[in-house]
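Asker: Before anything else, here's the structure in question.
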Amino acid sequence: LDKRHGGKLIIQSNCEDVAIWIRNLALSHCNFQSIESAAYELSHEPSDSSGLDLVEQTPTKRTIDWISIAGDKQERARGPNWCSRPILPPKGRTETEVACLKNGTPVHRCILTVK
């Protein structure tokens with residue numbers, strides 16, 4: 001990615017610890033910075049033609065186990081630099097994202113850009 005061309009990197013995982021690890025690696029070693037989710041220009045509504053409305057999300061067993069290991073000090077994929085809504089339009093979504101939307105499990109997303 002090149003800053004002159006405005007490229008962005010989407011990090012998206014249904015495993016919260018993996019999403020955080022990849023984001024932190026990119027921020028600390030790859031010259032990336034986070035973009036606040038309020039700045040994302042979504043080209044679709046969260047309830048769209050895919051027929052998958054956003055539902056209440058339930059953490060996975062993996063996330064519950066991961067949180068129980070570190071307790072309250074564990075970094076979480078929440079806040080202004082994370083997005084709980086789909087970033088890509090319905091035709092661009094992965095099978096995992098569609099399954100998570102359907103099953104009510106979270107997908108952890110953020111967008112990074114070159115510093």
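Asker: Output yes when any residue across the stretch 10-23 is loosely packed, with under 15 Cβ neighbours inside 10 Å and at pLDDT 95 or above, and no when none is.
Answerer: yes
Asker: Out of the residues in the stretch 93-115 that are of a type in the set (Lys, Arg) and assigned to a loop (DSSP other than H, G, I, E, B), which is farthest from Arg4 (Cα to Cα)?
Answerer: For the stretch 93-115, the residue satisfying everything is Arg93.
Asker: Same structure, new question: What is the residue count in the stretch 24-38 for residues that are open to solvent by less than 40 Å² (accessible area, probe 1.4 Å) and in a helix (DSSP H, G or I)?
Answerer: Qualifying residue count, the stretch 24-38: 2.
Asker: Here are some conditions: (1) surrounded by fewer than 15 Cβ atoms within 10 Å (Cβ to Cβ); (2) at pLDDT 90 or above. Val107 meets all but one. Which one does it not meet?
Answerer: Condition (1) is where Val107 drops out.
Asker: Considering each of Lys73, Lys61 in turn, give the residue that is open to solvent by 40 Å² or more (accessible area, probe 1.4 Å), modelled with pLDDT of 90 or more, out of contact with any Asp or Glu (no Cβ under 6 Å at 6 or more places or on another chain) and basic (Lys, Arg).
Answerer: Sole residue among the options that is open to solvent by 40 Å² or more (accessible area, probe 1.4 Å), modelled with pLDDT of 90 or more, out of contact with any Asp or Glu (no Cβ under 6 Å at 6 or more places or on another chain) and basic (Lys, Arg): Lys61.
Asker: May I ask you to list the residues in the stretch 77-97 that are touching a residue at least 24 places away in the same chain (Cβ under 8 Å) and open to solvent by less than 60 Å² (accessible area, probe 1.4 Å)?
Answerer: Of everything in the stretch 77-97, those that are touching a residue at least 24 places away in the same chain (Cβ under 8 Å) and open to solvent by less than 60 Å² (accessible area, probe 1.4 Å) turn out to be Ala77, Asn81, Trp82, Cys83, Pro86, Ile87, Leu88, Pro89, Pro90, Arg93, Glu97.
The values are calculated or read from the model by the stated rules, or taken from the named source; none is laboratory data. A quick note: this is a predicted structure, and the numbers were derived from the prediction, not measured. Methodologically, a virtual Cβ is constructed for each residue, glycine included, from the backbone with ideal geometry; neighbour enumeration extends over all protein chains shown. Accessible surface areas use protein heavy atoms only, side chains included; no ligands, DNA or RNA. Shrake-Rupley method; radii C 1.70, N 1.55, O 1.52, S 1.80 Å.
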